[in-house]
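Before any comments, here is the structure.
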Amino acid sequence: MSDVVLPQGVSEATFAKALEGFRAAVGAEHVLTEGEHFAEFRDPFQPPQWDTNTPSIVVMPQSTEEVQAVVRVAAEHGVPIWTHSTGKNNGYGGAAPLVQGTVTVSLRRMNKILHIDEELAYAEVEPGVTWRDLYDEITRRGLRLMMSNTDLGWGSVIGNSLENGFTYGVNGNDHSAPCGMEVVTADGDVLRTGMGAMTDNPAWHTYKSSFGPSLDRFFTQSNFGIVTKMGIWLLPAPEVYHPVWVRVWNYEDLIPLVDTLRELRLERTIEAGPVIYNTLMFACVFGRRSQFYDGPGAIPDHLIDGIAKEIGSGRWMLRAALFGRRDIVERQFARIKDAFGAIPGAEVWGEPHSFDEIPSLENPGELVSGGVPNLEMNHMVGWYSENDGGHIGFSPVVPLRGRDLFACHNALRETLESEAGLDYMTGSVSINARTMLHVGLIMFNTADEDASQRAFSTTKRMVSRAAELGYGEFRSHLTHMDEVAAHYDFNDHAYLRFVERIKDAVDPKGILAPGKQGIWPEHLRSGRNGRTS
């Protein structure tokens with residue numbers, strides 16, 4: 001016990017009793033207190049000497065019943081717990097807890113695919129199921145189904161959904177794939193949302209609403225419960241999958257590129273989630289900074305023009321995808337070529353493929369859009385250092401208008417370049433027909449403590465800079481959650497005051513993920529999020 005970082009306000013004697021309870025609940029071998037595996041449960045992109053987000057212990061249950069037992073032990077002894085699904089949300093803190101000494105509850109061992117319905121095109125999964133796991137099982141069974149997945153296949157299907165994460169297929173639009181959850185509450189009880197509130201209701205994972213308030217979104221980005229099962233909608237295999245690429249060569253072309261995309265999204269020519277990359281975002285996936293520039297500060301703009309030509313990315317590259325009957329897809333692609341072709345110098349290309357051809361495609365982006373998870377995008381973290389690279393995600397929500405996105409991008413780029421001397425990469429995702437998630441990726445060398453400090457501190461400054469433009473983040477690194485929440489200030493933080501009342505009602509002891517999304521239990525609340533109480 002001498003090396004364990006105790007949770008705030010918990011005595012060594014009390015924690016010893018809780019530890020005994022956790023071991024009884026899940027088995028002593030599934031409670032980690034030290035060693036190589038324990039070291040995995042920290043922010044992988046913080047320098048090794050930083051220890052502000054270290055758990056006291058790691059508890060790894062394997063069933064809903066074990067999660068219930070763990071929560072009851074935590075409630076009995078007043079021990080805070082921080083839950084993750086697989087802990088691979090690396091740009092936002094990974095497996096680390098927000099508060100030093102919190103007990104980490106890792107759901108990695110809950111990795112069963114409980115059901116796949118080919119007729120209704122959905123699956124039911126546990127939190128430890130990754131995108132790759134689900135894809136492999138669909139493939140193994142020979143099912144004619146397609147997923148809408150994220151860039152990195154090692155992430156949790158449930159974990160991504162609970163953080164409002166995006167995916168690139170048709171079901172990636174605005175949380176449209178998750179449907180029906182099983183949740184353990186802070187008193188160790190268990191409930192099911194939607195139609196699951198009725199025992200054995202066959203529409204649990206097919207209908208999103210319920211009789212009364214719908215609770216699925218209540219448990220996204222919250223600390224009100226622990227999700228142990230969830231339904232996820234899939235797509236029937238299309239006759240044709242058609243990747244679409246659009247490249248423009250002028251920096252200011254982002255404006256007409258976005259405006260044309262909005263038109264195509266609103267008319268539903270493009271329904272799957274498109275993404276727009278800047279030059280350096282492409283460069284960091286396929287190369288290293290030293291190949292292009294080895295000078296001080298951020299890469300100068302005139303050199304970025306040269307990089308754009310060298311790697312063939314243009315100043316902006318849009319990736320989208322079409323799915324469906326061949327004749328319809330052909331008409332959609334013709335419409336897309338005409339629309340983007342109106343931008344001087346724009347280039348549009350892509351080829352149709354049958355569903356069975358998708359896994360053999362060479363381009364990793366086309367695989368992702370086609371529902372085949374991979375890890376190629378993870379190469380981006382090596383931009384500054386092959387072995388010690390890291391990044392922070394920074395993601396304000398911007399209306400899908402070219403002038404808005406261009407202004408936001410310029411302000412944030414200037415802040416990062418001038419204050420941190422770091423390059424600005426972005427992949428902006430159209431999460432629906434009216435909104436862009438401007439996902440900035442702040443890369444740095446984790447072995448360079450000064451660079452790491454500049455990356456983290458400047459990201460906090462970027463939170464304020466985005467707010468000055470009127471934009472808030474849809475998710476954030478765990479150490480920036482208070483700063484982000486502080487800017488959601490309408491009517492003296494009425495939203496935060498409301499969710500705090502919910503927190504106090506459903507988790508009166510404040511044991512579930514204290515501080516997540518800026519939602520603190522009452523005894524830790526004073527002075528948080530720009531609030532005085």
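Among (1) over 27 Å from residue 525 (Cβ atoms); (2) modelled with pLDDT of 95 or more, there is one condition residue 73 misses while meeting the rest; what is its number? Among (1) over 27 Å from residue 525 (Cβ atoms); (2) modelled with pLDDT of 95 or more, the lone unmet condition for residue 73 is (1). For residues that are among the aromatic types (Phe, Trp, Tyr) and either in a loop (DSSP other than H, G, I, E, B) or in contact with a Cys (Cβ under 8 Å, 6 or more places away or on another chain) (or both), tally how many sit in segment 284-294. Counting residues in segment 284-294 that are among the aromatic types (Phe, Trp, Tyr) and either in a loop (DSSP other than H, G, I, E, B) or in contact with a Cys (Cβ under 8 Å, 6 or more places away or on another chain) (or both) gives 2.
In segment 47-73, of all residues being assigned to a loop (DSSP other than H, G, I, E, B) and polar (S, T, N, Q), the one that is surrounded by the most Cβ atoms within 10 Å (Cβ to Cβ) corresponds to 56. Within segment 18-46, being buried (at least 16 other Cβ atoms within 10 Å of the Cβ) and out of contact with any strand residue (DSSP E or B) (no Cβ under 9 Å at 6 or more places or on another chain) holds for 21, 42. Taking the conditions (1) farther than 24 Å from residue 271 by Cα; (2) out of contact with any Asp or Glu (no Cβ under 6 Å at 6 or more places or on another chain); (3) outside any loop (DSSP other than H, G, I, E, B); (4) not acidic (Asp, Glu) in turn, residue 135 satisfies each one other than (1). Among the residues here, residue 361 does not qualify as of a type in the set (A, V, I, L, M), closer than 25 Å to residue 237 by Cβ, at pLDDT below 95 and outside the structural domain of residue 160 (by TED's automatic domain parsing). For segment 501-515, the tally of residues that are in a helix (DSSP H, G or I) and buried (at least 21 other Cβ atoms within 10 Å of the Cβ) stands at 1. If you check residue 102 against the conditions, is it touching a residue at least 12 places away in the same chain (Cβ under 8 Å) and polar (S, T, N, Q)? Answer is yes for this residue. Among the residues of segment 374-428, those that are closer than 19 Å to residue 89 by Cβ and among the hydrophobic types (A, V, I, L, M, F, W, C) comprise 375, 377, 380, 381, 392, 394, 397, 425.
Given the structure, is residue 324 surrounded by 14 or more Cβ atoms within 10 Å (Cβ to Cβ), farther than 29 Å from residue 285 by Cα, in contact (Cβ under 8 Å) with a residue 24 or more places away in the chain and assigned by TED's automatic domain parsing to the domain that holds residue 415? So residue 324 passes the test. Just wondering, is there one or more residues in segment 380-387 that are farther than 24 Å from residue 265 by Cβ and surrounded by fewer than 18 Cβ atoms within 10 Å (Cβ to Cβ)? Looking for residues that are farther than 24 Å from residue 265 by Cβ and surrounded by fewer than 18 Cβ atoms within 10 Å (Cβ to Cβ), one finds at least one in segment 380-387, hence yes. The residues of segment 462-497 that are closer than 15 Å to residue 91 by Cα and in a loop (DSSP other than H, G, I, E, B), listed by number, are 474, 475, 476, 477.
Matching residues to (1) crowded, with 18+ Cβ neighbours inside 10 Å; (2) closer than 21 Å to residue 170 by Cα:
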residue	(1), (2)
192	yes, no
206	no, yes
229	yes, no
238	yes, yes
244	yes, yes
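The number of residues in segment 138-181 that are part of a loop (DSSP other than H, G, I, E, B), within 10 Å of the chain's Cα centre (by Cα) and of a type outside the set (D, E, K, R) comes to 6.
Note on segment 295-413: enclosed helices (runs of 4 or more DSSP H) holding 1 or more residues that are closer than 30 Å to residue 138 by Cα and under 25 Å from the mean Cα position of the chain (by Cα) are 364-369. The residues listed here are 525, 475; of these, the one that is closer than 21 Å to residue 435 by Cβ, among the charged types (D, E, K, R) and buried (at least 18 other Cβ atoms within 10 Å of the Cβ) is 475. Exactly one residue among 500, 468, 473 is within 23 Å of residue 511 (Cβ to Cβ) and not assigned by TED's automatic domain parsing to the domain that holds residue 224, and that residue is 500. Quick one: is residue 404 buried (at least 18 other Cβ atoms within 10 Å of the Cβ), charged (D, E, K, R) and under 17 Å from residue 261 (Cβ atoms)? Taking the combined requirement at face value, the residue satisfies it.
Given the criteria crowded, with 17+ Cβ neighbours inside 10 Å, in contact (Cβ under 8 Å) with a residue 40 or more places away in the chain and part of a helix (DSSP H, G or I), does residue 459 qualify? Here the answer is yes, as residue 459 does meet what is asked. Among the residues of segment 82-91, are any buried (at least 22 other Cβ atoms within 10 Å of the Cβ) and farther than 25 Å from residue 171 by Cα? Yes: one or more hits. Output yes when any residue across segment 132-150 is out of contact with any Pro (no Cβ under 8 Å at 6 or more places or on another chain), within 30 Å of residue 79 (Cβ to Cβ) and not assigned by TED's automatic domain parsing to the domain that holds residue 66, and no when none is. No - not one qualifying residue is present in segment 132-150. Residues being modelled with pLDDT under 95, surrounded by fewer than 19 Cβ atoms within 10 Å (Cβ to Cβ) and touching a strand residue (DSSP E or B) at 6+ places or on another chain (Cβ under 8 Å): count how many of those fall in segment 92-123. Residues in segment 92-123 being modelled with pLDDT under 95, surrounded by fewer than 19 Cβ atoms within 10 Å (Cβ to Cβ) and touching a strand residue (DSSP E or B) at 6+ places or on another chain (Cβ under 8 Å): 0 in total.
The values are calculated or read from the model by the stated rules, or taken from the named source; none is laboratory data. Quick caveat: nothing in here was measured; it's all calculated off a predicted structure. Here Cβ is always computed from backbone atoms with ideal geometry, including for glycine, and neighbour counts include all displayed protein chains.
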